[in-house]
Amino acid sequence: MTKKKSEVEIDTINLVSINDVVEDKSILKIQERLPLEAKMQMVDDIVSMVTDINENGMLEVVYKIKQFMFDVVVMRYFTNLNLPSDNSLEIYNLACKNDIVQYIYTYILSTEIEYIKDCVDNTIEQNKSLTNGLENVIDRGIKQFISTVEQISDKLTNVIPTEKGMKSIIKQIKSFDPEKATMVQDMVDTISGKNQTKSSNAGVPKMTKSDKEKLTVVE
């Protein structure tokens, strides 16, 4: 008994290359419909490929590659065409050029494609609403603010002395001896040469004005 198209089983081991399909489309096996689990997995795959979270935590949709990703996933799930991820664009372009993409869609029930498209669109809108909603935006902003405050707090903790450190500083201030500071300053001045004049006049009494008047000039 000949199987109906909807009952065609895809051999995922013996996949056919795009070049072989270009030569002979009859070697391409196409399923009319897929189990619900497979369709749900397709939806997840397409949504993950065309959406991304930007640096601000907002969900973005890359609409310009949406149809391409949809077609690639359809060919991957509904047919036995070999579609490696690393060169899927090259294969897709070749398939479009040789009308293989359109050929595949003619053998898939339109209700299947419509159902998958609706699920993809609804899932994207739902994810956008959940991620980009005002409540979630505010929540992310609050979390970011708290994180920033915590980082600043950690930095200040490393700068501000602890209670034990403050007690040690107060103890050093109380035991401070001004005379020791003067001695240290004198030593520094001597080393730097500032005390040379002072030391050379050491022991010489200072002459007063009256002493100068008593001096006689010898001619």
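On the stretch given as region 77-90, residues that are assigned to a helix (DSSP H, G or I) and at pLDDT 95 or above total 2.
Within region 28-53, residues that are without any contact (Cβ under 8 Å) to a residue 24 or more places away in the chain sit with their Cβ atoms under 7 Å from residues that are not in a loop (DSSP other than H, G, I, E, B), at 6+ positions apart or across chains, in these pairs: ASP52/GLU60.
Answer yes or no: is there a residue in region 145-162 that is within 24 Å of the chain's Cα centre (by Cα), at pLDDT below 95 and surrounded by 12 or more Cβ atoms within 10 Å (Cβ to Cβ). No, that holds for no residue.
Residues in region 60-98 that are more than 31 Å from the chain's Cα centre (by Cα) and among the hydroxyl-bearing types (Ser, Thr, Tyr): TYR77, THR79, TYR92.
Please go through region 128-137 and pick out each residue that is modelled with pLDDT of 80 or more and farther than 11 Å from MET58 by Cβ. Within region 128-137, SER129, LEU130 meet the criteria. Looking only at region 114-132, residues that are surrounded by 13 or more Cβ atoms within 10 Å (Cβ to Cβ) and within 19 Å of ILE65 (Cβ to Cβ) come to 9 in all.
The values are calculated or read from the model by the stated rules, or taken from the named source; none is laboratory data. Small disclaimer: the values here were computed from a predicted structure and weren't measured. Reconstructed Cβ throughout: ideal geometry from the backbone, glycine too, with neighbour counts over all protein chains shown.
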